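Throughout, read-outs are computed from the coordinates displayed, never taken from laboratory work. As the structure is a computational prediction, the values presented were derived from the model and not from experiment. Note: ideal-geometry Cβ built from the backbone for every residue, glycine included; neighbour counts use all protein chains shown.
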């Protein structure tokens with residue numbers, strides 16, 4: 001890494017002298033900081049050199065035509081896919097940090113429940129994926145006055 005690039009990395013707000021993931025002041029760090037973030041799928045460039053900073057409290061949105069890399073950028077910031085180049089920090093920690101991800105909600109545009117699972121089974125699956133302690137699972141369970149929602153298939157419930 002060049003000395004200039006090394007100095008640039010050290011100057012990123014929220015990074016301590018210990019390098020990536022060691023945050024001196026996470027409250028002062030930006031919500032999102034990406035440097036030259038890129039993603040390639042074989043010969044297809046999905047995102048090329050995204051550099052941006054979004055401060056905490058700012059409202060930000062990606063706008064652009066289909067194929068511009070909006071969804072890819074979000075997936076990279078959440079570490080749902082691995083970058084081909086660059087790096088990102090989210091809430092003062094490296095993109096994909098487990099504790100940081102617990103603070104972020106994400107609903108994919110084409111989310112589909114597995115049709116063979118009941119709502120309770122989907123809930124249990126996601127609680128296990130998030131490694132939530134078992135006692136907290138019951139408090140997250142939805143309630144319904146009609147047919148117990150836990151026995152319904154997700155595709156028969158309202159999406160709102």
What is the mean projected area of the alpha carbon convex hull for the stretch 73-117, to one decimal in square nanometres? 4.2 nm²
Taking the mean number of other Cβ atoms within 10 Å as a proxy for protection, how do you rank 48-57, 87-96 from highest to lowest? 87-96, 48-57
Using per-residue counts of other Cβ atoms within 10 Å, averaged over each peptide, order 127-134, 71-78 from highest down. 71-78, 127-134
Mean shadow area of the stretch 30-107, taken as a quarter of the surface of its Cα convex hull (nm²): 5.1 nm²
Backbone N under 14 Å from the residue 43 label point (7 Å along Cα→Cβ), restricted to the stretch 55-73: none
